[in-house]
There are 2 protein chains.
Amino acid sequence: MLVENKITDFLNELHSNSPAPGGGSVAALNGAIAASLVGMVANLTIGKKNYAEAEEEMKVVATKMNEVKDKFLDFVDKDANSFNGVIAAFKMPKENDEQKVARTAAIQKGYKEAIAVPLDVAKAAAELFDYIEVALKKGNKNAESDALVAAISARTAIQSALLNVEINLSAVKDQKYVEALRQEVLDLRKLANEGETKILNQKSF
Amino acid sequence: MLVENKITDFLNELHSNSPAPGGGSVAALNGAIAASLVGMVANLTIGKKNYAEAEEEMKVVATKMNEVKDKFLDFVDKDANSFNGVIAAFKMPKENDEQKVARTAAIQKGYKEAIAVPLDVAKAAAELFDYIEVALKKGNKNAESDALVAAISARTAIQSALLNVEINLSAVKDQKYVEALRQEVLDLRKLANEGETKILNQKSF
């Protein structure tokens with residue numbers, strides 16, 4: 001798994017001339033970062049006398065964020081492999097009409113599969129804002145900046161993932177599907193910007 | 001070094017109840033990600049016949065981005081240690097007036113040192129937009145989305161680093177210094193948002 005690499009090695013691989021990992025894996029990584037930062041705020045709150053009231057809720061948040069972090073780490077690898085179906089389809093034979101039809105269908109299916117992964121990343125990151133809000137309002141005030149950075153990281157995960165949705169969407173011919181996805185991209189983009197702004201506006205320093 | 005850890009281990013450490021690494025290290029990591037993505041676009045351009053005209057410029061970009069990536073990776077560790085001076089200063093004796101004065105001065109010096117690291121991260125990330133622009137305009141079109149994600153990552157590095165500047169700035173009493181820094185924060189924040197927007201507006205898909 002990519003995330004079993006050292007950070008230095010992962011970034012060298014990112015910097016290299018291999019097409020994957022790229023921006024899609026970076027999107028997922030930022031989702032994992034956001035979840036980890038929210039977990040950090042929760043863990044820095046648990047066991048502190050001044051925050052005894054929030055103890056139980058923070059324990060739930062910390063556990064949940066650990067799970068979500070692991071889910072995003074899976075997405076780092078899934079995204080790096082998400083285009084494999086398209087590549088394989090382009091290599092299919094196209095010597096007669098039957099083969100051409102099968103190949104085109106496989107390419108189209110490949111693009112839809114390549115869209116599914118970053119779309120899942122964006123949706124999962126969109127769910128983080130509620131947890132960030134809780135961590136910011138009820139969590140350890142000393143970790144306020146970490147909660148705020150979590151909001152920026154969640155926006156980054158969403159916006160970066162959506163670019164990977166859109167670039168593949170531009171190759172899809174199913175117009176009904178394309179229109180529905182374009183609307184979903186707009187909605188998630190709005191949610192990402194508004195979610196970040198709402199959190200950053202609560203900054204106390 | 002933190003960046004010699006596996007990604008999974010680094011995120012577990014981030015998620016834990018230790019105050020560092022936190023949002024400041026995440027800021028630096030996003031700088032390293034942005035530089036790596038620009039390097040990726042350059043490396044995917046080098047050696048391609050269709051991009052022969054850009055060959056020399058892309059070689060320069062790839063080399064520069066590798067250096068910048070390594071500089072940001074150093075900042076991941078530096079930021080995690082940037083608050084140590086403040087912590088040490090707070091532990092100084094305060095039994096007489098002389099000790100109190102020395103302790104207060106050391107605390108103030110500590111906060112200024114804690115500000116220097118994320119400020120350097122924000123400034124270094126602000127310099128990435130020109131390289132992203134070149135990669136986007138002259139680089140391999142197949143890597144367009146990676147260049148766009150680099151812009152989002154650069155903004156994330158700047159905005160996240162600035163939060164770490166501001167939170168420490170709120171403890172500094174030297175008003176002339178504070179006013180100058182507040183203006184620098186505003187300028188860099190504007191540059192981050194405008195830099196990202198300018199790049200994303202060039203999206204072709």
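The values are calculated or read from the model by the stated rules, or taken from the named source; none is laboratory data. Please read these numbers as outputs of a predicted model, since none were measured by experiment. Using ideal geometry, Cβ is built from the backbone for each residue, glycine included, and neighbour counts are taken over all protein chains shown. Surface areas here come from the heavy atoms of the whole protein model, side chains and all, with no ligands, DNA or RNA. Shrake-Rupley method; radii C 1.70, N 1.55, O 1.52, S 1.80 Å.
Report the Cα-based extents of region B:92-205 along its three principal axes, largest first, to the nearest Å.
Result for region B:92-205: principal-axis Cα extents of 67, 22, 16 Å.
What translational diffusion coefficient, to the nearest whole µm²/s, does region A:1-147 have by Stokes-Einstein, given a Kirkwood radius computed over alpha-carbon pairs, a temperature of 4 °C and 1.567 mPa s viscosity?
Numbers: Rh = 17.4 Å.
The Stokes-Einstein estimate is 74 µm²/s.
So which trypsin sites (Lys or Arg not before Pro) in region B:97-188 pass both tests, a DSSP loop state and at most 11 other Cβ atoms within 10 Å of the Cβ?
B:Lys173
Roughly how much accessible area, to the nearest 100 Å², goes out of reach of solvent when A and B pair up, both sides summed, probe 1.4 Å?
4600
Treating cross-link reach as a plain straight distance, find the lysines whose alpha-carbon is under 19 Å from the alpha-carbon of A:Lys109, omitting any fewer than eight places away in the same chain.
The reachable lysines, counting only those whose Cα sits under 19 Å from A:Lys109, are A:Lys78, A:Lys91, A:Lys94, A:Lys100, A:Lys173, A:Lys176.
State whether the protein assembly as shown is rounded, prolate or oblate according to the following rule on the C-alpha gyration tensor (a ≥ b ≥ c being the square roots of its eigenvalues): a/c under 1.5 gives rounded; otherwise a/b larger than b/c gives prolate, and the remaining case gives oblate. Intermediate results must be reported in sequence, preceding the final value.
Numbers: a/c = 2.28, a/b = 1.68, b/c = 1.36.
Prolate, because a/c is 1.5 or more and a/b exceeds b/c.
Which one of B:Glu98, B:Glu166, B:Glu194 has the biggest mean-square fluctuation once chain B is modelled by GNM with Cα springs under 10 Å?
In this elastic network of chain B, the residue with the biggest mean-square fluctuation among B:Glu98, B:Glu166, B:Glu194 is B:Glu98.
Show that you can apply the helix-only estimate: for chain A, add -39,500 (n - 2.57) for every DSSP H stretch of four or more residues, divide by all residues, and state [θ] at 222 nm to the nearest 500.
Value at 222 nm, helices only, nearest 500: -26500 deg cm²/dmol.
Assuming a viscosity of 1.567 mPa s and a temperature of 4 °C, what translational diffusion coefficient in µm² per second does Stokes-Einstein assign to region B:130-174, Rh being the Kirkwood radius over Cα pairs? Don't jump to the answer; show the numbers that get you there.
Values: Rh = 12.4 Å.
Reported coefficient: 105 µm²/s.
So what J values fall out for region B:151-166 if you push phi through Karplus, 6.51 cos²θ - 1.76 cosθ + 1.60 with θ = phi - 60°, rounded to Hz, Gly and Pro as x?
5, 5, 5, 5, 4, 4, 4, 5, 4, 5, 5, 5, 4, 6, 5, 5
For region B:41-149, what relative contact order do you get, as a whole percent, if you take Cα pairs closer than 8 Å and at least 6 residues apart?
Reported relative contact order: 36 percent.
Sequence gap at least 6, Cα distance under 8 Å: using those rules, report the relative contact order of chain B to the nearest whole percent.
27
Using only atoms on other chains, find how many Cβ atoms lie within 10 Å of each Cβ of peptide A:20-27 and report the average.
For this peptide, the per-residue mean of nearby foreign Cβ atoms is 6.
On the protein heavy atoms, probe 1.4 angstrom, tell me the percent of accessible surface of region A:63-180 carried by carbon and sulfur.
For region A:63-180, the apolar C and S fraction of the accessible surface comes to 51 percent.
Before I look further, what does region A:1-148 give for accessible area per residue, probe 1.4 Å, in whole square angstrom?
45
Short version: which residues of region B:151-178 lose at least 50 Å² of accessible area, all chains versus chain alone, 1.4 Å probe?
B:Ile152, B:Arg155, B:Leu163, B:Ile167
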